[in-house]
1. Measuring with a 1.4 Å probe in the full set of protein chains, what accessible area per residue, in whole Å², belongs to region 35-126?
2. Please list, in chain and number order, the residues 5+ apart from THR37 or on another chain whose amide H is under 5 Å from its amide H, with Hs placed from the backbone.
3. How large is the Rg to Rh ratio of region 30-83 when both quantities use alpha carbon positions and Rh follows Kirkwood?
4. Sum up the charges of everything whose Cβ sits under 12 Å from the Cβ of GLY95, counting Lys and Arg as +1 and Asp and Glu as -1, but leave GLY95 out.
Amino acid sequence: MKTYVYASCPTLSWAVSALALAGCGGSTATALLVVDTVSVDPAEASLETVASTTEFTAVALDRSGEEVPGVIFLWSSSDEAVATIDADGLAIATGTGSAVIQATMPGVTGSATIVVGPAASASPGR
């Protein structure tokens, strides 16, 4: 069985400790994967009406841009009066305006923008 230990630069000492503890398991192989960035897709979403939904996804990437598997993100909205987001990345428009949607793991955060309202559909390329 392969065990992955995730770390971002600010929490590297925590990851090294976890790596040392995880290495005590005999047949368990442990790999230290350092997360450098979190990419959120789509980077920008536009919804015309309240109660509309859109789904965001996040991917943790190492320094070489390779995906780090199995990372669980905490999702949040900068303005829940505009949009809320659940644990699976599903955003629901709750009012008009714009908000920043964030996917966070310890030490690393990725973000996207959501705009709700009729003006959102009038933007070029939408």
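1. Details: 4860 Å² over 92 residues.
Per residue, region 35-126 has 53 Å² of solvent-accessible surface.
2. Those lying under 5 Å, H to H, from THR37 are LEU61.
3. Values: Rg = 14.5 Å, Rh = 13.3 Å.
Value, to two decimals: 1.08.
4. Details: positive: none; negative: ASP79, GLU80.
Value of the local net charge: -2.
The values are calculated or read from the model by the stated rules, or taken from the named source; none is laboratory data. Since we're looking at a predicted model, the values are computed, not measured. Don't worry about glycine lacking a Cβ; one is built from the backbone with ideal geometry, like all the others, and counts go over all protein chains shown. The area values use the complete protein model at the heavy-atom level, side chains included, leaving out ligands, DNA and RNA. Shrake-Rupley method; radii C 1.70, N 1.55, O 1.52, S 1.80 Å.
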